[in-house]
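K.L.:
Sharing a structure, written as structure tokens. Questions coming.
The values are calculated or read from the model by the stated rules, or taken from the named source; none is laboratory data. Because the structure is a prediction, the values reported are computed rather than measured. Cβ atoms come from the backbone with ideal geometry, glycine included; neighbour counts cover every protein chain shown.
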Amino acid sequence: MTHSSTPSFFAENWEIGPIFRTLLRNKVGAMLIALQIAFTMTIVVNAIYIIVQRSEKMQRPSGIDEANSFFISSVGFSHDFNGLVSTQQDLNLIRSLNGVVDAIQINAVPLSGSGWSMGLQTEPGAEFDGTGTAVYMVDEHALNALDVALVAGENFSPTDIQVRTSSQTHWPDKTIITLAMANRLFPNDGLAAVGKTVYINDIEPMIITGIIDKLQAPWVGWDNVENVMLTPEIRDAKSSRYFIRTEPGERDRIMTQVESVLAKSNPGRIVKDLRSIDETRLRAYRDNSAMIRILITVMVILIIVTGLGIVGLVSFSVNQRKKQIGTRRALGASQHAIVRYFMLENLLISTAGVLLGALLTVGLNIVLVDAFSLTPIAWYYIPLGMLALWLVGQVAVYGPAKKAANIPPALATRSA
Amino acid sequence: MFHYYLKLAFKSYKRNPILTGLMVAAIALGIGASMTTITVNYLMSADPIPTKSGQLFYVQVDSWDPNRGFNDEPNTPPNQLTWTEATNLMSANKAYRQSAMAKSGAIIEPSNGDISPFEASIRLAFKDFFPMFNVPFKYGNAWDQKADDDRQMVVVLSKDINDKVFAGQNSVGKSIIIDGKSFRVIGVLASWQPLPKFYDVNNGAFDEPEALFMPFYLKQELELPNWGNTNCWKTPDGEGFSAFLQSECINFQMWVELPTLQDKRAYMAFLNNYVNDQKELGRFPRPLNNQLLNVMQWMDDQKVVADDAQIMMWLSFMFLLVCLLNTIGLQMAKFSAKSAEIGLRRAVGATKGDLFFQYTIETAAVGIAGGILGLGLAFLGLVGIRQLYGDVMNDLASLDTTMITLALLLSLLASVCAGLYPTWRACNIAPASQLKSQ
């Protein structure tokens, strides 16, 4: 054992040889720790990858003024209930309330999970494939109520709005679509889509009169969630859904107010499904946020288990080797050298562990991709995971190693 | 001997309380995590009607678009039927029992003025729905063939609705206003919650059954709305309710009960004939592709068990594995400290078998302790899952006796397995080598 007075990184003898030979004498013990580290890394890295993907998904904006919007439904049941008249009255009433920015009748709401989809195509004919899009049937107040901005073309005018009866199959001749949808239909230049004709129901022409910046379809799990079309329609039906945007901070007050005024205004109908968009978002992503929380819990517990396991094993081996450690100290090994011994020992084991772990991580990811159609893991997760597990090992071993270093040299002289 | 070994085991735990504690904790955590996820998967994939799930078949015929299949997988027929097929196949009456069905909804106006009108979901079905699915009645009965044929305004109430509208009294024979029309109550169900709600998984596989049950043809008679998924590949010919009903849009499900394999073959042949006849009429432009899947096959086909639940289960198995590796390591460390003791015992006459038995008891006791603690953790885990996922999980996250037994067996097995190698190694210590060093 040589000690230079100024220990430098390379000059010192790191005793890799003796550590390695000692490890070989307890192959199984070392292997168990390495395996533990490998599997822990496999789970942790894959879990983090899933967590990152899910939270990215949850962060996507819906395009509407989520904090200040809500919706409510009305269903008429009396014999003399007139859907169209009731809708007009309700909208006038709601729009006149203090604190309401705007309100519309709409057939479906972003994030809500249920809605209506159609296909649009640039050539007429059943043999051409359409591009799937969500449909929101709205009037000229929609852009204001939904808080979406026109990036090209123009808004609907009041005269564009047509009455839609239930089970109606034909469509108005105008539509406003999202920029994402425009880019899908006209890949070279979405903004130039204004004025172009697209076909719905295979052959029915519609002219794109406007393009809006962003608005999501109702289904957050849908691949084409950014594809949306607005059609200038008011629905004549017994049930009607209203989407209401309020001034900042006024939402909760207006929600209660709208519910009670609508309920009072007509005894021949019920109001139901009063829900804020914030709550709708929570419900839409509840599975994802639950999964994230569960995975985080599993990860933390797993790292603790692995860490404590290492602490336990190293403490034990320190106890077993008390005499040897005392002897080394008596022969001149510094406390630092003892700590280093255990840290290096763990580093060697961890290295084997994380190398195997890298392979297992990729393996598990391939299985997950294959069985559950997740996307393949990004490469940099692997080295980061290896680094993290190395760190866990080093942190876990430091305490027991420090204890080992405190074993007095005199211990060597005593018999066990 | 067993008691003596147990006593020795406890002595040994006391000597190494931290190691023992770590082992118990590791097994408990592994078991807790695994049992939580196994329970969710077990309940999601449970057989909702075990006595006849092999004899009930979901009817699928490929009435879809000539230019493209129903979904990306090439050979999947549509997951629902058109009105035309639902009514034609019912009229043919070729199965032992059969019911086409659909989901709808309407407003109920209770005659008791204290209860304000409310919206309720409706299951439109045929009379066989009840005996076919073993639906339990509290009062009254299902309707009969005549009610189906004559489109009678009769209704079977769920228990909840009967509790709400008729205060839980026997309401058979009473009238109730639904969708503005007067219906006669013909039956009231006892509590019925098949999990999954296999007869219609398109509209929430773990939703509650509908509030009202009424004859299928009332859909047409009262022009009841489509609830749940409706898919169309072709624009209806004409406007209005009736044109939409007669269109190629799919919103209907159908189940048949076919007690023997022979019945199933015969029904398949009938379906193929039916579709070929329809082809003559210019419908069914796609190649012949009919399917009869039984309950569990249909659950599998519709991926009723959520991917997330499965991912979590596999991750938690790996978690258990890590915990076991942990336990093996700790166990070995513990036994290695005892090599002197073992050598001595061997030298004074204990056989390997004796020692093996003794140390297996020591590890098994750790396993049982871990298992019991793990059960507690699984219970907490399920409470957590219920909170995170809300109402959907209420019925899917609870431990039953099967699960509790499984948990204890799993932990016992796991810990004995984990103890096996260390025990075996410890027992193979040569007596002489250990005695020398003393």
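K.L.:
Just give me the residues in region B:183-208 being crowded, with 20+ Cβ neighbours inside 10 Å and either β-branched (Val, Ile, Thr) or over 14 Å from the mean Cα position of the chain (by Cα) (or both), in sequence order.
P.N.:
Result: B:183, B:185, B:186, B:187, B:188, B:189, B:201.
K.L.:
Next question. Under the condition of being within 12 Å of another protein chain (Cβ to nearest Cβ) and among the aliphatic types (A, V, I, L, M), which residue from region A:271-283 is surrounded by the most Cβ atoms within 10 Å (Cβ to Cβ)?
P.N.:
Taking region A:271-283 first, the residues within 12 Å of another protein chain (Cβ to nearest Cβ) are A:271-273, A:279, A:282-283.
When the remaining residues are screened for being among the aliphatic types (A, V, I, L, M), the result is A:271, A:282.
Details: A:271: 20, A:282: 13.
Looking at the filtered set, the residue picked out is A:271.
K.L.:
Do we find that residue A:174 is farther than 24 Å from residue B:247 by Cα, surrounded by 15 or more Cβ atoms within 10 Å (Cβ to Cβ) and either in contact with a strand residue (DSSP E or B) (Cβ under 7 Å, 6 or more places away or on another chain) or of a type in the set (Gly, Ala, Ser) (or both) in this structure?
P.N.:
yes
K.L.:
Can residue B:116 be described as free of Cβ contacts under 8 Å to residues at least 24 places away in the same chain and among the small types (Gly, Ala, Ser)?
P.N.:
yes
K.L.:
Residue B:365: part of a helix (DSSP H, G or I), touching a helix residue (DSSP H, G or I) at 6+ places or on another chain (Cβ under 7 Å), within 19 Å of residue B:20 (Cα to Cα) and within 14 Å of chain A (Cβ to nearest Cβ), yes or no?
P.N.:
When the stated conditions are applied, residue B:365 does not pass them.
K.L.:
For residues in region A:16-31 being away from every other protein chain (no Cβ under 11 Å) and without any contact (Cβ under 8 Å) to a residue 40 or more places away in the chain, which is surrounded by the most Cβ atoms within 10 Å (Cβ to Cβ)?
P.N.:
Once the filter is applied, the top-ranked residue is A:18.
K.L.:
Grab the strands (runs of 3 or more DSSP E) fully contained in region A:70-167, keeping just those with 1 or more residues being small (Gly, Ala, Ser). Steps first, please.
P.N.:
Details: elements: A:100-105, A:117-121, A:131-138, A:150-153, A:162-165.
Once the strands (runs of 3 or more DSSP E) in region A:70-167 are filtered for at least 1 residues that are small (Gly, Ala, Ser), what remains is A:100-105, A:117-121, A:131-138, A:150-153.
K.L.:
OK, next. If you check B:90, B:1, B:23, which single one turns out to be within 24 Å of residue B:121 (Cα to Cα) and of a type in the set (A, V, I, L, M, F, W, C)?
P.N.:
Just a single option satisfies the conditions, and that option is B:90.
K.L.:
For region B:69-112, enumerate the residues that are of a type in the set (Gly, Ala, Ser), away from chain A (no Cβ under 14 Å) and crowded, with 19+ Cβ neighbours inside 10 Å.
P.N.:
If the condition is that a residue be of a type in the set (Gly, Ala, Ser), away from chain A (no Cβ under 14 Å) and crowded, with 19+ Cβ neighbours inside 10 Å, then B:86, B:95, B:99, B:100, B:102 are the ones that fit.
K.L.:
List, please: which pairs have Cβ atoms under 7 Å, are six or more places apart or on different chains, and start with a residue in region B:146-163 that is not assigned by TED's automatic domain parsing to the domain that holds residue B:215 and end with one that is in a strand (DSSP E or B)?
P.N.:
From region B:146-163, no pairs qualify.
K.L.:
Let me ask another. Looking only at region A:167-180, decide whether some residue is touching a residue at least 24 places away in the same chain (Cβ under 8 Å) and over 19 Å from residue A:106 (Cα atoms).
P.N.:
Yes - at least one qualifying residue is present in region A:167-180.
K.L.:
Would you confirm whether or not region A:145-164 contains a residue that is under 31 Å from the mean Cα position of the chain (by Cα), away from chain B (no Cβ under 14 Å) and surrounded by fewer than 16 Cβ atoms within 10 Å (Cβ to Cβ)?
P.N.:
Yes, region A:145-164 contains at least one residue that is under 31 Å from the mean Cα position of the chain (by Cα), away from chain B (no Cβ under 14 Å) and surrounded by fewer than 16 Cβ atoms within 10 Å (Cβ to Cβ).
K.L.:
Just name the residue that is farthest from residue A:83 (Cα to Cα) out of those in region A:240-265 that are of a type in the set (S, T, N, Q) and either within 14 Å of chain B (Cβ to nearest Cβ) or part of a loop (DSSP other than H, G, I, E, B) (or both).
P.N.:
Taking region A:240-265 first, the residues of a type in the set (S, T, N, Q) are A:240, A:246, A:256-257, A:260, A:265.
Those still in the list that are either within 14 Å of chain B (Cβ to nearest Cβ) or part of a loop (DSSP other than H, G, I, E, B) (or both) too: A:240, A:260.
Values: A:240: 8, A:260: 19 Å.
Ranking the qualifying residues of region A:240-265, first place goes to A:260.
K.L.:
I'm trying to understand the selection: among the residues of region B:318-351, which are assigned to a helix (DSSP H, G or I), of a type in the set (Val, Ile, Thr) and away from every other protein chain (no Cβ under 14 Å)?
P.N.:
Answer for region B:318-351, where residues must be assigned to a helix (DSSP H, G or I), of a type in the set (Val, Ile, Thr) and away from every other protein chain (no Cβ under 14 Å): just B:342.
K.L.:
Here's another thing I want to ask about it. Within region A:299-321, restricting attention to residues that are of a type in the set (Ser, Thr, Tyr) and modelled with pLDDT under 90, which residue is nearest to residue B:337 (Cα to Cα)?
P.N.:
A:317
K.L.:
So residue B:228 clears everything in (1) more than 14 Å from chain A (Cβ to nearest Cβ); (2) among the small types (Gly, Ala, Ser); (3) assigned to a loop (DSSP other than H, G, I, E, B) except one condition, right? Which one?
P.N.:
(1)
K.L.:
A further question on this structure: Looking for whichever is buried (at least 20 other Cβ atoms within 10 Å of the Cβ) and either within 13 Å of chain B (Cβ to nearest Cβ) or more than 36 Å from the chain's Cα centre (by Cα) (or both) here; the options are A:268, A:332, A:309. Which one fits?
P.N.:
Of A:268, A:332, A:309, the one residue that is buried (at least 20 other Cβ atoms within 10 Å of the Cβ) and either within 13 Å of chain B (Cβ to nearest Cβ) or more than 36 Å from the chain's Cα centre (by Cα) (or both) is A:309.
K.L.:
If you take the residues of region A:360-382 that are more than 13 Å from chain B (Cβ to nearest Cβ), at pLDDT 90 or above and touching a helix residue (DSSP H, G or I) at 6+ places or on another chain (Cβ under 8 Å), which of them is surrounded by the most Cβ atoms within 10 Å (Cβ to Cβ)?
P.N.:
Filtering region A:360-382 for residues that are more than 13 Å from chain B (Cβ to nearest Cβ), at pLDDT 90 or above and touching a helix residue (DSSP H, G or I) at 6+ places or on another chain (Cβ under 8 Å), the one surrounded by the most Cβ atoms within 10 Å (Cβ to Cβ) comes out as A:377.
K.L.:
Give me the pairs, please: first residue somewhere in region A:32-47 and in the same structural domain as residue A:357 (by TED's automatic domain parsing), second residue anywhere and among the aromatic types (Phe, Trp, Tyr), beta-carbon distance under 7 Å, and either six or more positions apart or on two chains.
P.N.:
Filtered contacts from region A:32-47: A:43/B:319; A:45/A:381.
K.L.:
Of the residues B:354, B:301, B:307, which is surrounded by fewer than 18 Cβ atoms within 10 Å (Cβ to Cβ), within 10 Å of chain A (Cβ to nearest Cβ) and charged (D, E, K, R)?
P.N.:
None of the others qualify; the one that does is B:307.
K.L.:
Is it the case that some residue within region A:276-298 is of a type outside the set (Phe, Trp, Tyr), modelled with pLDDT of 95 or more and not in a helix (DSSP H, G or I)?
P.N.:
Yes, because at least one residue in region A:276-298 is of a type outside the set (Phe, Trp, Tyr), modelled with pLDDT of 95 or more and not in a helix (DSSP H, G or I).
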